[in-house]
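Written below as structure tokens is the structure these notes are about.
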Amino acid sequence: MQYALIIRESAEDFVRRNDPAYRDGWTAYTKALVQAGILTAGAGLTPPETGTIVRRKGEDHDVQDGPYPEGKEQLGGFYVIEVPDLDAALEWATRVPVSEWGSVEVRPRLQFA
Amino acid sequence: MTSDAGRVAERVARQSYGKLIAFLAARSRDVPAAEDALSDALAAALRVWPERGIPDNPEGWLLTAARRNLIQAARHRTVHDNASETIALAIEEAEERLNDARNADFSDERLKLLFACTHPAIDRSVHTPLMLQTVLGIDAKTIAQAFVISPDAMSQRLVRAKIKIRDAGIPFAIPERQILTDRLAGVLSAIYAAYGLGWDGLDGEEDNRTGLTGEAIWLGRALMTMLPEQPEVIGLLSLMLYCEARRRARRDADGTYIPLEEQDTGLWNEIMLAEADTLLRKAGTLDRFGPFQCQAAIQSVHATRRRTGTTDWKALITLYRALIEMKPTLGSKVSHAAVIGRVDGAAPAIALLDGLERRGVASYQPYWAVRGHLLADLGESDAAAEAYRMAIGLTDSPAVRTFLAGKLQAVISRSA
């Protein structure tokens, strides 16, 4: 089964990306996924302020400066991994180097029969 | 002949329900589909067995029939060539299982189902109802009654949980060693919650509930057979047996509530207590203390009153402190305060109660009952009366309500 590991980080975490120690953690984790042969897709994203929100307004579109007003945590990136079941996905999720203010959401990838 | 077939089918279905569902759902993790397939197989059994006779292995028959239904249902969904491969594989497995079906009452498969039902990805409040339905085959209406919600609401929650199991890929497996202890805690809590429902249903207003204590103990025993070296599993069974042993002493002939310290220890079931003692000791040898062993130890102290005539309250303080460390629930904290009241007096005990979170205790009946008792001890009749009134308003047992009303009266007459 394929699962997305959706990573959310706090504002402080995005700042900490400048710190090589924080960055190294992510590089190491990505490498571990690759070595395990389970990484199907993934991407890190630039900080939320670089985002632009597009919404439908009738026939028009409304374009606004980001970030998406979700809350204290913002989308930081995602991985898609191929593992046998949820427990295996959760095991990998616990290794993601999020800070104590970040989170990892584990959600199955949509499969079309 | 027809009614015989019906009775056999019903009995097999009831006894083997969880096992059959586990077998059927193991590959696809699709519990609703397994349930449909099994109920169709049961309907077929009721048609066919009266004519052809009850099979030697009724369970195996149902399993094969249900598997065939599953394959047919799957065939309607996929049109690809690999369907024939699936069919061949499934028939092979069904034949294998035909033999397994004769074996142990509580197979590995049912244990895996138990872990799936109490997986952390499922909302915790659904663990116990889901376990009761899928592992024990108890009907949704009975479960809904025990939880005091409508059967429709309960059915909805159960369906949602089963869909989650399927869609999120929750495994039907015994967890790996590293996480087994954590996951086991969820299973044990679900079983103990089921026991608690049965315990509360003692006054007979919900007859179905009292059956739950038996089911919970059965599950506890079965779990111990599968995981004999897990001390918390043994601890849970010990705890339930200590409680169950007191059943006959909890109410007198008129149905009046008898508090623990006033119970006639002669009415306690000595055989159950002896087994509980042995189990607790055995758990101790495995040298990994935990909250269920702790609660069993607490019950063991109470049970000792049958031999010594007294209760070792100081030992209870130590045990409750340990319990709060491991499992800081409202229940353990309120019970701890009650015991402090016995040893150190009402004032420090009330101080402990005052320290509890306001919102949490507002509708927690034991908090108010204990508070009323302690305030009465201090001679604060008005405050005690108010606390007793709160407790009465939060009680769902008529016998306990009557008991508390008596306490309220006593406190009112004193202040009059």
Q: Can you tell me the alpha carbon radius of gyration of segment B:131-245 divided by the globular rule-of-thumb value 2.2 N^0.38 Å?
A: 1.13
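When ranked by the protection proxy of mean other Cβ atoms within 10 Å per residue, highest first, what sequence do the peptides A:46-57, B:174-185, B:384-395 form?
Values: A:46-57: 11.3, B:174-185: 14.1, B:384-395: 20.4.
Result, highest mean first: B:384-395, B:174-185, A:46-57.
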Q: Calculate how steeply helix A:86-95 sits against the longest principal axis of the alpha-carbon atoms of chain A, using the helix alpha-carbon long axis, and give the answer as 0 to 90 degrees to the nearest 10.
A: 80 degrees
Q.
Quick check: at a probe of 1.4 Å, how many percent of the accessible area of chain A sits on carbon and sulfur atoms?
A. 55 percent
Q.
Net charge around residue A:83, counting only other residues with Cβ within less than 12 Å of its Cβ (Lys, Arg = +1; Asp, Glu = -1)?
A. -3
Q.
From the convex hull of the Cα coordinates of the protein assembly as shown, what is the mean projected area in square nanometres?
A. 34.4 nm²
Q: Could you provide, to the nearest whole Å², the per residue accessible area of chain A with probe 1.4 Å?
A: 64 Å²
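Report the local net charge at residue B:138: Lys and Arg +1, Asp and Glu -1, summed over other residues whose C-beta lies under 10 Å from its C-beta. Working shown, then result.
Values: positive: B:14, B:141; negative: B:139, B:215.
Overall, the nearby charge balance is 0.
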Q.
At a threshold of 8 angstrom on Cα-Cα distance, excluding pairs fewer than six apart, so keeping six or more, what relative contact order does chain A reach in percent?
A. 49 percent
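Please state the shape class of segment B:328-416: rounded when a/c is under 1.5, otherwise prolate if a/b exceeds b/c and oblate if not, all from the C-alpha gyration tensor.
Values: a/c = 1.84, a/b = 1.19, b/c = 1.54.
Verdict is oblate for segment B:328-416.
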Q. For chain A, what is one quarter of the convex hull surface built on the Cα atoms, given in nm²?
A. 8.9 nm²
(Q) Once you order the gyration tensor axes a ≥ b ≥ c over the Cα atoms, which shape class does segment B:162-202 get: rounded for a/c under 1.5, otherwise prolate or oblate by comparing a/b with b/c? (A) oblate
Q.
What number comes out for accessible area per residue over segment B:358-404 if the probe is 1.4 Å? Units Å², please.
A. 51 Å²
**Q.** Degrees, to the nearest 10: B:365-377 long Cα axis against longest axis of chain B
**A.** 10 degrees
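Cα-based Rg of chain B per 2.2 N^0.38 Å, rounded to two decimals? Can you show the working numbers first?
Working: Rg = 24.7 Å, N = 416, 2.2 N^0.38 = 21.8 Å.
Working it through for chain B, the quotient is 1.13.
Order the peptides B:14-26, B:273-285 from the highest to the lowest mean number of other Cβ atoms within 10 Å of their residues. Don't skip to the answer; put the middle values down first.
Values: B:14-26: 22.5, B:273-285: 17.6.
Put in order of decreasing packing, that is B:14-26, B:273-285.
Once you order the gyration tensor axes a ≥ b ≥ c over the Cα atoms, which shape class does segment B:246-354 get: rounded for a/c under 1.5, otherwise prolate or oblate by comparing a/b with b/c?
Values: a/c = 1.96, a/b = 1.10, b/c = 1.78.
Oblate.
Run the helix sum for the protein assembly as shown: -39,500 (n - 2.57) per DSSP H stretch of 4+ residues, divided by residue count, reported at 222 nm to the nearest 500 deg cm²/dmol.
Working: 24 runs with 342 residues, N = 529.
It lands at -21000 deg cm²/dmol.
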Q) Under a straight-distance cross-link criterion of Cα-Cα below 13 Å, which aspartates and glutamates are reachable from residue B:282, leaving out those fewer than 8 residues away in the same chain? A) B:229, B:232
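Accessible area lost on pairing A with B, both sides, 1.4 Å probe, Å² to nearest 100? It would help to have the intermediate numbers written out before the result.
Details: alone 7610 and 20630 Å², together 27580 Å².
In total, this chain pair buries about 700 Å².
With an 8 Å Cα cut-off and a minimum separation of 6 or more residues, compute the relative contact order for segment B:234-341 in percent.
Details: 113 pairs, mean separation 30.3, N = 108.
Computed value for segment B:234-341: 28 percent relative contact order.
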Q: Measure nothing fancy, just the Cα-based angle from helix B:82-100's long axis to the longest principal axis of chain B, in degrees from 0 to 90, nearest 10.
A: 60 degrees
Q. If the cut-off is 28 Å between C-alpha atoms, which lysines fall inside it for residue B:407, apart from same-chain ones fewer than 8 positions away?
A. B:314, B:333
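The values are calculated or read from the model by the stated rules, or taken from the named source; none is laboratory data. Just so it is clear, the structure is predicted and the values come from calculations on it, not from any experiment. Because the Cβ atoms are built from the backbone with ideal geometry, glycine has one as well, and the counts that use them run over all protein chains shown. Keep in mind that these areas ignore ligands, DNA and RNA; they rest on the heavy atoms of the full protein, side chains included. Shrake-Rupley method; radii C 1.70, N 1.55, O 1.52, S 1.80 Å.
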